[in-house]
Amino acid sequence: MTADSNFTPHTLDLFKGIALFTPGGDLVYCIDPQKQSRWHLQLCAVLQEMLGLSEPPHFLVPCYTATIDRWFNPRTQQLQTFAEACPSVLRYQPLLNAIFGVEDLDWQAVTYPEGVCDPRVLNSYRNQFPQLWQDHDLVIRYEKNETRSLSTAQGNSVLSWSPSRQDDEAEGYVLRLFVAGNNPATAHILKNLYELLERSLQRPYTLKVIDIHKHPELAELNQVTATPTLVKVWPRPVRRIIGNLDDFTTIARVLQPSPTNYRQRN
């Protein structure tokens, strides 16, 4: 537990956060300023839909979870923070600190009774949920009944997500960005693209970042021959921008629905 002295409370600083990891390292989390929900079932449902699982992976709770609570103590007049994580996810402390906006916070290890979170039991789910043991570079922020775009965290994918929406039935935009590794050039592209989407799009959107080195099959499926490539999957028709993603005017024009395909090459 930590306490920040000489702190004037603000509602935006008080929240409860829950993070749910997969064995492969993917992450879905929520920040609840109202502290009214535990969210675990919703987070399992997000993973089910995002990864195409046969059912919600409830076995991940509590063995791959982390929780944080920030509140104002009227007696001490200080902001206090309590954060705990399962031993299996303690190695992700820097990522947890980044997504919850807390610096250099030490997370306490959760202690469970003997037999709970037995690695052999957890591994028995691997055949049923093989996707959970794969690293998809997903860092997803979930907000109930909302869509929210995300900033990068340690080079992971930038995504926004709203529940119960498939690619071919989306109410907003479905975008895929194909890159070649996590590097300064990729970070620059993500920053500029994120700013453009936040400023220009008036509808919800999903932006999935795909590393062609890790997922060459997806690059082939989406007919990607060079990086970076931005693919607008929805609304139809499918459109691509290959190479220069600094031209905001061109990107904005490509994102607009049109009866004809458009492709720009460097």
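Values for this structure:
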| quantity | calculated |
| --- | --- |
| Per-region count, the range 41-79, residues within 11 Å of Phe21 (Cα to Cα) and open to solvent by 20 Å² or more (accessible area, probe 1.4 Å) | 3 |
| Failed condition for Asp32, given (1) touching a residue at least 40 places away in the same chain (Cβ under 8 Å); (2) of a type in the set (D, E, K, R); (3) open to solvent by less than 50 Å² (accessible area, probe 1.4 Å) | (1) |
| Candidate set from the range 188-213 (those that are open to solvent by 60 Å² or more (accessible area, probe 1.4 Å) and touching a Gly at 6+ places or on another chain (Cβ under 9 Å)); member that is modelled with the lowest pLDDT | Arg203 |
| Selection count, the range 98-112, where residues are at pLDDT 90 or above and within 21 Å of the chain's Cα centre (by Cα) | 1 |
| For Asn266: the one exception among (1) modelled with pLDDT of 75 or more; (2) closer than 20 Å to Ala180 by Cα | (1) |
| The listed residue being farther than 12 Å from Arg141 by Cα and touching a strand residue (DSSP E or B) at 6+ places or on another chain (Cβ under 6 Å), out of Leu20, Leu14 | Leu14 |
| Any pair with Cβ under 8 angstrom, 6 or more apart, that starts in the range 124-135 at a residue that is part of a loop (DSSP other than H, G, I, E, B) and ends at one that is open to solvent by less than 50 Å² (accessible area, probe 1.4 Å) and among the acidic types (Asp, Glu) | Asp135/Asp26 |
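The values are calculated or read from the model by the stated rules, or taken from the named source; none is laboratory data. Small disclaimer: the values here were computed from a predicted structure and weren't measured. For neighbour counting, all protein chains shown are included, and Cβ atoms are generated from backbone atoms with ideal geometry for every residue, glycine included. Each accessible area value is taken on the protein alone, full model and side chains, heavy atoms only, with ligands, DNA and RNA left out. Shrake-Rupley method; radii C 1.70, N 1.55, O 1.52, S 1.80 Å.
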